[in-house]
Amino acid sequence: MPSHGTARTHHRTCNICEAMCGIDIEVDGDRITSIRGDERDPFSRGYICPKALALQDLHEDADRLRAPVRRTASGFQRISWDDALDEVAGRLRDVQRRHGRDAVAVYLGNPRAHNYASLLYLIPFLEALRTRSCFSSNSVDQLPHHLVSTLLFGHQLLVPVPDVDRTSFLLIVGANPVVSNGSLMSAPGMPRRLEAIRARGGTIVVVDPRRTETAEIADRHHFIRPGTDVFLMLGLLSTLFAERLVAPGRLGDFMNGLADIERLVRGFTPERVAPRVGIPAAQIRELARAFAAARPAVCYGRIGACLQEFGALTTWLIAVLNLVTGNLDRPGGAMFARPAVDVVALQDLLGQRGELGRSRTRVRQLPAFAGEYPAAALAEEILTEGPGQIRALLTMAGNPVLSTPNGRTLDRALAGLDFMASIDFYINETTRHAHVILPPTGPLERDHYDLAFHVFAVRNTAKYAPALFAPADDARHDWQILVELGARLAAPGPAAPLAGHTT
Ligand code: SF4
């Protein structure tokens with residue numbers, strides 16, 4: 001831990017996004033004097049984006065909550081940890097006792113995925129809460145990838161990662177990695193990695209309705225009508241089968257259903273899909289041929305491809321394109337990372353391979369995936385009266401009023417809850433509705449290992465960073481809050497009834 005009058009540089013990992021960039025943080029006492037990219041980090045090699053500087057803002061921000069608060073008629077008032085934890089656990093238990101376990105919902109935001117202790121301690125906490133009303137940011141982000149991985153490879157986390165550092169042909173559909181530095185493809189310094197593809201004679205093709213920063217530096221950019229990527233993928237596959245360019249190679253031994261796929265895509269000729277997608281048939285054919293001829297090639301699709309009406313199907317077809325051209329599990333193709341901590345095996349132990357439809361939402365009968373309902377259903381599950389109605393909510397590191405569909409409706413729904421609590425260090429559009437807010441330590445006050453994102457990294461890496469600053473004596477880490485809440489919820493008391501809706 002830093003001490004006053006001893007300016008030092010500390011090597012850490014930025015924990016804001018999936019790219020896991022190495023950073024040098026210069027500290028004098030408890031004051032951060034600079035944050036720079038760590039040139040000696042073998043994964044990011046000095047790259048950072050402007051967001052890394054936000055770590056200092058977060059650490060120093062006077063508006064960041066550092067003690068629990070309770071909402072009162074005159075605004076949020078500071079309360080003790082014991083009072084806050086007792087109140088949250090007591091009110092959640094009370095709602096479950098009166099209305100059933102599923103009457104308490106949980107919403108988990110994206111930052112929890114960058115916090116290994118949160119991920120681990122959420123498991124026993126959710127066991128203690130025993131609600132099926134679980135929602136998260138997954139369904140407005142990468143859920144189709146997990147579904148496809150479960151269907152194709154048997155586990156939701158077996159997501160093939162484009163080997164951008166060795167590929168000869170990168171086809172990017174609905175993604176902007178120059179800005180994002182990859183997603184489900186942790187690749188810090190993506191501009192440099194893309195330049196390297198071209199420097200070794202490779203090709204980058206972007207399919208996107210927008211002239212993105214990635215499209216700017218690509219060899220070719222195909223503007224596509226929004227939401228029609230599925231037809232382009234069908235057109236590409238149709239061409240490969242028609243021109244006998246399907247060559248899965250050694251993967252053929254592990255595949256079944258190839259004839260079914262041929263039958264499925266046959267009718268989607270480039271001429272037929274061209275008017276839908278807005279790309280001339282000749283260019284679709286040319287793209288299919290170039291992809292098949294490149295050794296190796298890889299197709300990468302992200303949010304623009306997976307978060308749309310046919311998002312899951314598009315994501316599946318992208319995986320099929322990589323498969324039938326022999327570009328799965330090959331250097332320069334789409335590969336599975338081998339992280340130091342095998343989260344796939346860990347989830348296996350917990351029986352969490354990813355399962356669709358074990359339960360359904362009450363109002364629209366939408367299926368759960370991996371134990372979570374779509375975030376878009378949260379508001380209606382709160383607002384629609386009847387057995388199983390959600391009456392209390394605990395949010396963690398999320399702002400769904402701002403980041404999920406129908407935010408205004410959700411805003412209205414949250415205002416009518418019997419009780420709401422948030423584990424968050426900011427009062428924002430969502431947490432302003434909370435009766436109690438429990439703020440965890442800041443991102444530089446806890447140690448860091450990216451349990452989730454090494455699974456999706458373009459190189460096999462392992463990076464651990466100790467906490468930079470000691471938290472205040474009365475501060476709580478996220479995992480401590482979860483442990484203390486879980487213990488209170490699990491304490492003896494009348495059992496909450498199970499709700500009666502569809503299982
Ligand atoms: S790309 Fe992500 S990990 Fe890298 S500095 Fe920016 S926010 Fe941090």
note = Taking Cα atoms only, helix 116-129 is inclined relative to the longest principal axis of the chain by an angle, in degrees rounded to 10, of 60
note = A correct Karplus calculation of ³J(HN,Hα) over the range 155-164, with 6.51 cos²θ - 1.76 cosθ + 1.60, θ = phi - 60°, whole Hz and x for Gly and Pro, returns 8, 4, 9, 7, 9, x, 10, x, 8, 4
note = The percentage of Cα-Cα pairs in the chain separated by more than 38 Å is 32
ask   = Can you give the accessible area per residue of the chain, in Å², using a 1.4 Å probe?
value = 42
task = Return the percentage of antiparallel bridges among DSSP beta bridges fully within the chain, rounded to the nearest 5 %.
result = 45
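Leaving out ligands, DNA and RNA, and with a 1.4 Å probe, what % of the accessible surface on the range 160-335 is carbon or sulfur?
The nonpolar share, carbon plus sulfur, comes to 54 percent.
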query = What angle, in degrees between 0 and 90 and rounded to the nearest 10, separates the Cα long axis of helix 229-242 from the longest principal axis of the Cα atoms of the chain?
reply = 30
note = The ratio Rg/Rh over the Cα atoms of the range 73-151, Rh being the Kirkwood inverse mean 1/r radius, stands at 1.05
task = Could you tell me how many degrees, from 0 to 90 and to the nearest 10, lie between the Cα long axis of helix 190-199 and the main elongation axis, the longest principal axis, of the Cα atoms of the chain?
result = 10
ask   = Per-residue ellipticity at 222 nm for the chain, helices alone: DSSP H runs ≥ 4 residues times -39500 (n - 2.57), over residue total, nearest 500 deg cm²/dmol?
value = -9500 deg cm²/dmol
note = Per residue convex hull volume, Cα only, the range 160-335, in Å³ is 99
Thr203 accessible area, 1.4 Å probe, all protein chains in place, Å² to nearest 10 = 40
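The values are calculated or read from the model by the stated rules, or taken from the named source; none is laboratory data. Bear in mind the structure is a predicted one, so any value in this text is a computation, not a measurement. Accessible surface areas use protein heavy atoms only, side chains included; no ligands, DNA or RNA. Shrake-Rupley method; radii C 1.70, N 1.55, O 1.52, S 1.80 Å.
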